[in-house]
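The values are calculated or read from the model by the stated rules, or taken from the named source; none is laboratory data. Just so you know, these numbers come straight off a predicted model, no measurement behind them. Cβ: placed from backbone, ideal geometry, glycine included. Neighbour counts: every protein chain shown. Surface areas here come from the heavy atoms of the whole protein model, side chains and all, with no ligands, DNA or RNA. Shrake-Rupley method; radii C 1.70, N 1.55, O 1.52, S 1.80 Å.
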Amino acid sequence: MTQQNVSLRKWLGDKFSTRSGTRALISPGMDFLLVGGLSCITLAIYFLISDGFKIEVKDETYIVAAWLSFVINYPHFAYSYMLFYKGFVARLFAPETEFWSRVRMSIAGLFVPALMLAYFVRAYVTQNPEYIMWALFTMIFTVGWHYVKQAYGVLITMSVYRNIFYATWEKRILWINAYAVWAYSWCRTNSTGNDIPYRHIQMKSFKFPLEVIDGSFYFACFTTAACIAIVLNRWLSENRGISVNAVIGYACGIYMWVMIPFMNMAFYILIPMFHSLQYLPFVYKFKKSELVRELERPLGDYKRSRRNFIIHALLFTVTGGVLGLLFFETIPNLLDDHYSTKLEYAGLDPLFFFFAFTVFINVHHFFIDSAFWRRDNRDAQKNLFRA
């Protein structure tokens, strides 16, 4: 490695050390706040300034949530596209890509977007309002799957950063618990049979029997107890401590954001922002590792390497914000103005394109992440797990 690249690593803070207890996505303190700690602090503040968790949701709260969506939520979706589709074809057909990895990539990158595009084209042509209702229903159903899946990934990855490794059977129980909590949350949400509101859309809900709801709750409690035992056993038997950041990311992503999010409505409307914050440190680590590897190629001098790093990082960051604004706000709003309302389609929702873009990007993002952030993805292995 050249001297200028050694200097570049020092300038970046040398956060690529593999010494036990020192590895982090950004830094231990920032990781704690972003993967879940900030949501805990926010909920605690709401508790202190109100009567328990009963806090009035004012218009200002919704305005703040909307701005946070623009600054944090929208870019986090765009970054997943930018990472996943960079080198997609080469990665898909590379001989070293495992069979099941290739299957997941094909489903997430080709089949799912094609299927959703066909669905919304048919919805627009038939002008059946139920198409939008079922699309939103699918998004709300899969969002829980995405949240708990990400929380499980946070636990495993950040534990590895502390040299804490779970056996296969232990990881399976941790994984099952995440899905058990999601199942209970979904059953509870569909306990009354009442319609589920989203904006001005009323979605149909199921009415699960009380026995199913209670059974899913007891099973979630049982698997939660098993997870606590696993984490404590790993701590006591190996004497390596507990990765607080790993546990806080897992607990917040599964329990606070999925199982009991309605404890406070002001907190509830911020959960998508907290989930996006949890995602961003992994993007930061991945992209930083990728850029540093690229800049290890001799460029002639340290200043040029540093300048190129800054330019590439800024371009990536700004592009994510611009793409988020375009595909969540600008483009769907323009299409709605010109085609959903002015042409006066009798059965077409006035926000048809807004809902279509929202559902498409959210659901596709869920599948993208399920295919990209995996150990059998060599890019993720190189730039995240081994970085």
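Which residue, chosen from Leu38, Trp257, Tyr85, occupies the Cα position most advanced towards the positive end of the dipole of the chain, where the dipole is computed from +1 (Lys, Arg) and -1 (Asp, Glu) charges on Cβ about the Cα centre?
Farthest along the dipole direction, towards plus: Tyr85.
What net charge is computed for the residues neighbouring Thr138, neighbours being all others with C-beta under 14 Å from the C-beta of Thr138, Lys and Arg scored +1, Asp and Glu -1?
0
Starting at the first residue of the stretch 161-172, write each ³J(HN,Hα) from the Karplus equation 6.51 cos²θ - 1.76 cosθ + 1.60 with θ = phi - 60°, in whole Hz, x for Gly and Pro.
Running phi through 6.51 cos²θ - 1.76 cosθ + 1.60 with θ = phi - 60° gives 5, 9, 6, 10, 10, 9, 5, 4, 5, 5, 4, 5 Hz.
Taking GluC sites (Glu not before Pro) as exposed when DSSP calls them loop (any state but H, G, I, E, B) and at most 11 other Cβ atoms lie within 10 Å, what is the longest stretch of the chain free of them, the sites themselves excluded?
Here the longest segment lacking exposed loop sites spans 97-343.
Determine the per residue accessible area of the chain with all protein chains present and a 1.4 angstrom probe, expressed in square angstrom.
50 Å²
What is the chain's relative contact order, in percent, from Cα pairs under 8 angstrom and six or more apart in sequence?
It comes to 34 percent, rounded to a whole number.
Name the residue from Asn190, Ile201, Phe222 whose Cα lies farthest towards the positive end of the charge dipole of the stretch 189-242, charges +1 on Cβ of Lys and Arg and -1 on Cβ of Asp and Glu.
Ranked along the dipole, the leading option is Ile201.
When the Karplus curve 6.51 cos²θ - 1.76 cosθ + 1.60 is applied with θ = phi - 60°, which whole-Hz ³J(HN,Hα) does each residue of the stretch 278-291 get, with x for Gly and Pro?
5, 6, 5, x, 6, 5, 4, 5, 4, 5, 4, 4, 4, 5
Taking 0.36 nm per residue of separation and subtracting the Cα-Cα distance, what length does fully extending Ala114 through Leu315 add?
Here the segment from Ala114 to Leu315 would lengthen by 69.5 nm.
Could you please state how large a percent of the accessible area of the chain is carbon and sulfur, counting protein chains only and using a 1.4 Å probe? Display every interim value, and only then the final one.
Numbers: 12940 of 19540 Å².
C and S fraction of accessible area: 66 percent.
Among (i) 82, 45, 45; (ii) 68, 51, 48; (iii) 64, 50, 39, only one was calculated for this model; which label is it, if the read-out is Cα extents along the principal axes in Å?
(ii)
What list of ³J(HN,Hα) values in whole Hz, one per residue of the stretch 241-248 in order, does the Karplus curve 6.51 cos²θ - 1.76 cosθ + 1.60 (θ = phi - 60°) give from phi, with Gly and Pro shown as x?
The phi angles translate into x, 10, 6, 4, 5, 5, 5, 5 Hz.
With a Förster radius of 41 Å, plug the Cβ-Cβ distance of Lys204 and Ala167 into 1/(1 + (r/R0)^6) and report the FRET value to the nearest 0.05.
Once rounded, the FRET efficiency stands at 0.45.
Rank-order 195-203, 263-271 by packing density, defined as the average count of other C-beta atoms within 10 Å over each peptide's residues, highest first.
Most protected by this proxy first, the peptides run 263-271, 195-203.
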